[in-house]
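First up is the structure itself, then whatever we jot down about it.
The values are calculated or read from the model by the stated rules, or taken from the named source; none is laboratory data. Note that the structure is predicted; figures quoted are calculated from it, not measured. Note: ideal-geometry Cβ built from the backbone for every residue, glycine included; neighbour counts use all protein chains shown.
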Amino acid sequence: MKNIKRFSVVFLFILIAVSLVAQKYSVEGGYVQQQRYGKQFKTDYFDGFKMGVNLEFNLKHNFSLLTGGLYQFLYSNNTQYYTSHDSVNVNYKTMSHSLEIPLQVHYSLPVSKNFKFFAYAGPNISIGLFQPQKVTASIPASMKDGFDQLIPENMKEFIRLESDSYANNDLYKKNIINRINLQMSIGGGAQYKNYRLKSGYDFGINSINKIDSNNILRQRGWFVSLVYQF
């Protein structure tokens, strides 16, 4: 918690310093859908939103550099079944809070004085702040003694049956998920006057599995947002 607060303060000062030399400022907010996936894991889908501030630096020939800071919230309600009759299942409810730092190159294609298309590409650094998870299990009384044998070996470290609430079950603090999720972003949209409609896709680059480096676990997804440029 203390390290996160210190980082937030440092990042805020850096953002303010960088904003002093930026040519354009904008606020952004929109819908996000991501999925956490891996060969050895069931795909987990997250829905949520992001909102924040962008800073843009003009280059030549309609190119520009964009960075900023956006808060992102994601929620997942995922149930894992462990028998063919679905008599044993574990439900995971996860809330993800993160800071997104885009580092993108934008290209604009003007169509008229007030309207233009644009495209962008570049890395996105997702820094996890909190990721509390609530885990509950549905196990028939006759199967409780053998429940441990039903779970695949690579999943046992992820099971947290003792947690019936979100309290004290942060996946970052328990070293289950990596706080840093590096992504490559591509996308585009259209701008009318000061308003942008923007959409894109973030490809997960690094594995966020901190328990077993041999089992790759990545996170990727798409978003659509509305941007107002000052």
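Restricting to the stretch 188-208, what's the tally of residues that are assigned to a strand (DSSP E or B) and either modelled with pLDDT under 95 or within 16 Å of residue 122 (Cβ to Cβ) (or both)? Final tally of qualifying residues: 9.
When the stretch 174-207 is limited to residues that are among the aliphatic types (A, V, I, L, M) and more than 11 Å from the chain's Cα centre (by Cα), the one that is nearest to residue 54 (Cα to Cα) turns out to be 197.
Among residues of the stretch 16-31 being surrounded by 15 or more Cβ atoms within 10 Å (Cβ to Cβ) and either within 20 Å of the chain's Cα centre (by Cα) or at pLDDT below 55 (or both), the one that is farthest from residue 199 (Cα to Cα) is 27.
Consider the stretch 163-187 and keep the residues that are in a strand (DSSP E or B) and not aliphatic (A, V, I, L, M). The one that is modelled with the lowest pLDDT is 170.
Rundown of residues vs (1) loosely packed, with under 14 Cβ neighbours inside 10 Å; (2) modelled with pLDDT under 95; (3) not hydroxyl-bearing (Ser, Thr, Tyr), yes/no style:
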| residue | (1), (2), (3) |
| --- | --- |
| 33 | yes, no, yes |
| 41 | no, yes, yes |
| 56 | no, yes, yes |
| 68 | no, yes, yes |
| 86 | yes, yes, yes |
| 93 | no, yes, yes |
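Of all residues in the stretch 97-107, those satisfying the criterion of being out of contact with any helix residue (DSSP H, G or I) (no Cβ under 9 Å at 6 or more places or on another chain) and over 14 Å from residue 186 (Cα atoms) are 97, 98, 100.
Taking the condition at pLDDT below 95 and assigned to a helix (DSSP H, G or I), does residue 154 pass? Answer is yes for this residue.
With the requirement that a residue be in a strand (DSSP E or B) and either closer than 27 Å to residue 40 by Cα or β-branched (Val, Ile, Thr) (or both), what does the stretch 209-225 give you?
Within the stretch 209-225, 209, 218, 219, 220, 221, 222, 223, 224 meet the criteria.
Residues that are of a type in the set (Asp, Glu) and free of Cβ contacts under 8 Å to residues at least 40 places away in the same chain within the stretch 36-55 comprise just one, 47. Would you please name the residue that is nearest to the chain's Cα centre (by Cα), looking only at residues in the stretch 56-80 that are free of Cβ contacts under 8 Å to residues at least 24 places away in the same chain and part of a strand (DSSP E or B)? That would be 77.
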